[in-house]
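J.: Dumping the structure here so I can ask a few things about it.
The values are calculated or read from the model by the stated rules, or taken from the named source; none is laboratory data. Just so you know, these numbers come straight off a predicted model, no measurement behind them. Counting neighbours? That spans all protein chains shown, and the Cβs are built from the backbone with ideal geometry, glycine included.
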Amino acid sequence: MVQLSTSVYLLGGLLGLFLLSPVLMAPTPASMCTPLRTLNDSLSHRRRYMKHNFPINYTIKVHHKEILKLSDVNRMRSQVKELDELVLQRLWFQVNQGVLKKIIRVMPERHPSRPYTTELERRFKDVEGVFVQSHPAEVFQKDLPETIQDTWDHLTEEPERVPESNWRFASPKALLDNLCHTMQCLFGECFAGAEAPQHHCVSQWRKGR
């Protein structure tokens, strides 16, 4: 009787883990969707604040790894076998926190787009805070694939040590376009439905395969 009860409990435990596994393995925790959509709403005004309030053809200096496009995300997926989506999400945060800081840095205090960009950065940090809280600490201690680690090392390199050939010039709007499109791709579960983004790189990548 004792053996039977033990078997029942073990079976129940395994069944419970099986049922929970889709939730535990979900690339985007549900708690992130509200702050992500709030950030997305703010990004919908980027044309007004990042184009109309700047001189024509205005650009800022960024590391070439900070120009993270959908094509770059797809390339990393093709280069790294069974690449964990969480790794790409971590990289997305690392890239764009630097991008937002550089956009703010070039704006004088009274620039008409500075309050908007500062608020955008605050909302970005809100998303990042929920992201960190939604995953166990050991997730962020795992070694990154070599290709991703190489990009990460470049992003954290001291600016004065970066070769001149690694710098690029990009418009503030183009940088926020990249931020928005890759966000909608990497956290696609939060943007599904009637207002699903056109730039859904997950589906594009799968079709490409």
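J.: I'd like the residue in region 157-185 that is surrounded by fewer than 10 Cβ atoms within 10 Å (Cβ to Cβ) and not in a helix (DSSP H, G or I) and, out of all such residues, is nearest to the chain's Cα centre (by Cα).
T.: Here the answer is Glu158.
J.: Now a separate question. Filter region 64-117 down to residues that are outside any helix (DSSP H, G or I), closer than 24 Å to His135 by Cβ and free of Cβ contacts under 8 Å to residues at least 60 places away in the same chain, then give me how many there are.
T.: So the count comes out to 3.
J.: Any residue in region 36-50 that is in a loop (DSSP other than H, G, I, E, B) and modelled with pLDDT under 95?
T.: No.
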